[in-house]
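The values are calculated or read from the model by the stated rules, or taken from the named source; none is laboratory data. Because the structure is predicted, anything quoted here is derived from the model rather than measured. Cβ sites come from the backbone with ideal geometry, for glycine too, and all protein chains shown count toward neighbours. Surface accessibility is based on the protein's heavy atoms, side chains included, excluding ligands, DNA and RNA. Shrake-Rupley method; radii C 1.70, N 1.55, O 1.52, S 1.80 Å.
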Amino acid sequence: MAFSDAELAGAMSVNLVAANVMTIEERELLLEDPTENKVRETLTADQLANFPAYWDLLGAWMADHGGNIATTTGTNVPGRDGGNPTNIGTKAIYNDAFRDVNQYIGTPGFLPVKAVSNQLRFVSVLGEDDE
């Protein structure tokens, strides 16, 4: 089984709400302006503290669809329809949303505001297939 960028973005969008990182209303607002400043203004510390639960949910979704959240980067996306991204912009979005989170989550250097902003940017940019 495999997934498209849009399907992954959909899972990200759903799981951000399911893990109580944000409400549906907050998600819609933030998708219009997924900047770190807007995330910081909109979400509480308690909501941001739910990011690891979101990451676990997303990891389970990816595993169920042939992916591996722990090894996903801009140049390695197991389970992605069509193989690894070749477009430099898509590679950068994957690196921001996956490689950077995997590198810092669970460490003092982890910045949940930045992580949430990058998840939302992934959803806003790759959330709809152009095909």
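Taken over the range 6-16, the residue count meeting the criterion of being open to solvent by less than 30 Å² (accessible area, probe 1.4 Å) and within 15 Å of VAL116 (Cβ to Cβ) is 5.
Restricted to the range 1-48, the set of helices (runs of 4 or more DSSP H) holding at least 3 residues that are of a type in the set (Asp, Glu) comprises 24-32. Among the residues of the range 29-47, the one identified as open to solvent by less than 50 Å² (accessible area, probe 1.4 Å) and more than 20 Å from ALA11 (Cβ to Cβ) is THR42. Taken over the range 68-116, the residue count meeting the criterion of being open to solvent by 50 Å² or more (accessible area, probe 1.4 Å), aliphatic (A, V, I, L, M) and either under 24 Å from ASN20 (Cβ atoms) or touching a strand residue (DSSP E or B) at 6+ places or on another chain (Cβ under 7 Å) (or both) is 2.
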